[in-house]
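Heads up, the thing below is written out as structure tokens.
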Amino acid sequence: MKINYIKKILLISLFSFLGCRTYKFPKKQVAPENYIFIEAENTASNLQKWQLVEEGDNNYVKGASNSSYLEFMGNKPITGKPNSPLQYQFTAPKDGDFQLMLMSSKRLEGVKSDWCNDAFVRLSGDFESASQLKTEDLKKDIKILQDGNDETSELEWHWASTAEKDRHVYNKFIYQLKAGEEYMLTLSGRSKRFSIDYIVLYDVNKFNSKKAEELFKIK
């Protein structure tokens, strides 16, 4: 009986360990100074039109980090002005060019496939643009939409890193940050039923976009 009990405990421990690894990207493979990771629900802001969705809730999208995420329920599915801003403060771990990505999902409920797939983002602090966008542009609300736009499947997790300041003119959110400086990232709702699980900024000189998308996607 004692041997069977020990086996049972070991099996439970093993499954628990594997389960924890399932929802983590391999942090040990990434030096901490080369990225910034923020859970979307880890904000002191009033959620307003954002709703916290947890495992077991209706319309929950499987595979979310920490089994929870935020879904925007304001505006219309197609568009809207910046609504319900969420603020995230972080400190740059080093000097470098960091690109922004959001792990995101869309819930269409029968509308067009390129709806429900975007938000607004802006950054405050001492930085310069490291992309084709101007620094002053990045300090204002710019639409961020899912990479692939209408080609992404709904109710699944996809990266959103595409900046659209002008209609159908696409860029990237890349910031030249300074070590030790504090920054404020503001995410605001744009289209209804767009969800954000977590936020990543990574050093573009350490990873190309394809590697970063693979490395930082929680599996």
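Odds and ends about this structure:
- Net charge of Cβ neighbours under 11 Å - reference residue 206; Lys, Arg +1; Asp, Glu -1: -1
- Legend: calculated FRET efficiency, residue 168 to residue 109, from the Cβ-Cβ distance at R0 = 22 Å, rounded to 0.05, equals 0.30.
- Simple spin-label estimate for residue 208 and residue 132 gives 1.9 nm between the two label positions (7 Å along the Cα-to-Cβ direction from each Cα).
- Inter-probe distance in nm under a simple model that places probes 7 Å from Cα toward Cβ, at residue 52 and residue 124: 2.4
- With the convex hull drawn around the C-alpha atoms of segment 84-198, the volume per residue stands at 92 Å³.
- 22 Å Cα-Cα threshold exceeded, pairs from 76/172; 28/211; 106/143: 76/172
- A cut-off under 9 angstrom between Cβ atoms defines the neighbours of residue 80, and their net charge, with Lys, Arg +1 and Asp, Glu -1, is +4.
- Computed over the chain: relative contact order in percent, which uses C-alpha pairs under 8 Å that are six or more apart: 33
- Rounded, prolate or oblate (a/c below 1.5 giving rounded, otherwise prolate when a/b exceeds b/c) for the chain by Cα gyration tensor: oblate
- Modelled FRET efficiency - R0 35 Å, residue 178 with residue 27, Cβ distances, 0.05 increments: 0.90
- Note, ³J(HN,Hα) from phi for segment 83-91, Karplus 6.51, -1.76, 1.60, rounded to Hz, x at Gly and Pro: 9, 6, x, 10, 10, 9, 9, 8, 10
- When peptides 92-105, 125-138 are ranked by their average number of other Cβ atoms within 10 Å per residue, the highest-first order is 92-105, 125-138.
- Long-range HN-HN contacts of residue 95 with modeled amide H, under 5 Å: 179
- Computed packing ranks the peptides 142-150, 196-204, 57-65 as 196-204, 142-150, 57-65, most packed first, by mean other Cβ atoms within 10 Å.
- Peptides 37-46, 186-195, ordered by how many other C-beta atoms sit within 10 Å of their residues on average, highest first, read 186-195, 37-46.
- Most positive-pole-ward Cα, 212, 144, 155, against dipole of segment 133-217 from beta carbon charges: 144
- Calculated mean residue ellipticity, 222 nm, the chain: -4500 deg cm²/dmol, from DSSP H runs (n ≥ 4) at -39500 (n - 2.57) each, averaged per residue and rounded to 500.
- Expressed as a whole percent, the accessible surface of segment 99-218 that belongs to carbon and sulfur atoms is 40, based on a 1.4 Å probe.
- The label-point distance for residue 79 and residue 66, in a model that sets each label 7 Å from Cα toward Cβ, rounds to 3.4 nm.
The values are calculated or read from the model by the stated rules, or taken from the named source; none is laboratory data. The shown structure was predicted, so the numbers you read here are calculated from the model rather than taken from an experiment. Cβ atoms come from the backbone with ideal geometry, glycine included; neighbour counts cover every protein chain shown. We work out accessible area using only protein heavy atoms, side chains counted, and drop any ligands, DNA or RNA first. Shrake-Rupley method; radii C 1.70, N 1.55, O 1.52, S 1.80 Å.
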